[in-house]
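What follows is one structure encoded as structure tokens, with my remarks underneath.
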Amino acid sequence: MPTTPDGSPAPRPGLEMLELCRTMRDTTPVVRDPASGAYQVFRYDDAVSVLSDHDTFSSDFTAVFPEATQLMEGHIGTLDPPRHQQLRRLVSQAFTPRAVAQLEERVERIAEELLDRVPKKTELELVDDFAYALPLTVITEMLGVPAEDRPLFKQWADQLYKNGQFDTKNESSVSAAEAFHDYLLDLVVQRRKAPRPGLLSDLLAAEVDGESLTDREIAGFATVLLLAGHVTVTLWLGNTFLCLQEHPEVERTLRADPDAIPAALEEVLRYRSPVSIVPRVTKKQVELRGTTIEAGQVVVCAVLSANHDERQFDRPDEFLIDRNPNPHIAFSKGIHFCFGAPLARLEAHVALRVLLRRFSSFRIDPDRPMQWHPDPTMSGPKSLHLLVEPA
């Protein structure tokens, strides 16, 4: 474990709750939070059961948050079967491993161009200079969003999470979400009139069981794709560098053996999961670990806790890049397993490979405090200043 100059244990950002999570797994693995009323699930097996059983645990929150119903239209992550399978079958074609592999050269070129534009060659603000822009550029290019409009998405995303978790009762957050959605809806309408190459036009031309998607469904899908598709990768890359800072021997291993990068990145997902919690809502009464949960209740899977469950993982609080198997649930589980996972993995792999090639050393700047992402459902740096040595 890293230590401070006086020899005391150094803080580990994003891992402060591990001891509490272990206690909860041992004593009260399923518990109702008195403040929110939601049931929290801490063990790996229970989280997998919840995420895999869509007949009992729904992803449709319109009954719980009716004020967000319009914003959820087309949001594939909040749909249940059969509509979920219909949309997923349609959109997942663009994210198969084979389709994603064809993007590798373009992703690498974007990564190189971003680093070429960094103003100071011995300093890198990992998030703003690189980790945010890379996945955002990739996904907007896939959708066919004009390059000049990309800065808008960062403004809206920052506004969404300005006060922490997105809140349907927070006027600022809702306004940003509506602006985000309305922009994409307008873009869909434009593409319907004048198609251009890109995923939006592909979705407009596609049919699900003989039916076309509505403009709002396509805009809703594009909204979640843009948010989930770039924020998660951004946090993942930031967490990777926190792990490398804590474990310099891992950085040396990856430089000597780039083939070890994919497994190391998977261990980052388990060890510092970018998505901290995944919620569901009960369709019917259910008993979980001796606790009776009525229908219509929110159940929250604590992803970080599940990914550190000693019942599933040997030495769970150690960062082991040769961990095999590594069945973490950072990309969820069941029918809602992240369909963008192949693209996220490619982006993270290429990004780390390019960074290791371009710089011979990295060090977190001790004089510029790291900022943490304000949304408690996510975990990772919002800003991370690195001192680097060009290779």
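Summing +1 for each Lys or Arg and -1 for each Asp or Glu among the other residues whose beta-carbon sits under 15 angstrom from that of Met370 gives -3.
Net charge of the neighbourhood of Leu115, taken over other residues with C-beta under 14 Å away and scored Lys/Arg +1, Asp/Glu -1, is -2.
Taking label points 7 Å from Cα along the Cα-to-Cβ direction, Val31 and Asp209 give a separation of 4.3 nm.
Per-peptide packing, taken as the mean over residues of other Cβ atoms within 10 Å, places 310-320, 129-139 in the sequence 129-139, 310-320 from highest down. Stretching Asp317 away from Ala101 to a fully extended chain increases their span by 74.5 nm, per 0.36 nm per residue minus the current alpha-carbon distance.
Estimated purely from DSSP H runs of n ≥ 4, each contributing -39500 (n - 2.57), the mean residue ellipticity at 222 nm for the chain is -14000 deg cm²/dmol once divided by its residues. Length available on full extension from Thr62 to Arg252: 0.36 nm per residue minus the Cα-Cα distance, which gives 63.5 nm. Label sites at Glu178 and Gln93, each approximated as a point 7 angstrom past Cα along Cα to Cβ, lie 3.5 nm apart.
Site pair Gln285 and Thr23 shows an inter-label distance of 3.3 nm when each label is modelled 7 Å from Cα along Cα→Cβ. With R₀ set to 30 Å, the beta-carbon distance separating Gln159 from Arg357 gives a calculated FRET efficiency near 0.30. Within the shell of other residues whose beta carbon sits under 14 angstrom from the beta carbon of Lys193, the net charge comes to +1, with Lys and Arg scored +1 and Asp and Glu -1.
Ordering 205-212, 109-116, 360-367 by mean Cβ neighbour count within 10 Å, with the highest value first, yields 109-116, 360-367, 205-212. Backbone amide hydrogens, once placed in the peptide plane, bring Leu386 within less than 5 Å of Leu124, Glu125, Leu126, Asp365, excluding anything fewer than 5 places away on its chain.
Each 20 Å bin, from zero up to the one with the longest distance, holds this percent of the alpha carbon pairs of the chain: 27, 59, 14, 0.
Since every read-out is calculated from the coordinates, none of them should be taken as a lab result. This is a predicted model, so every value here is computed, not measured. FYI the Cβ positions are ideal-geometry reconstructions off the backbone, even for glycines, and counts take in every protein chain you see.
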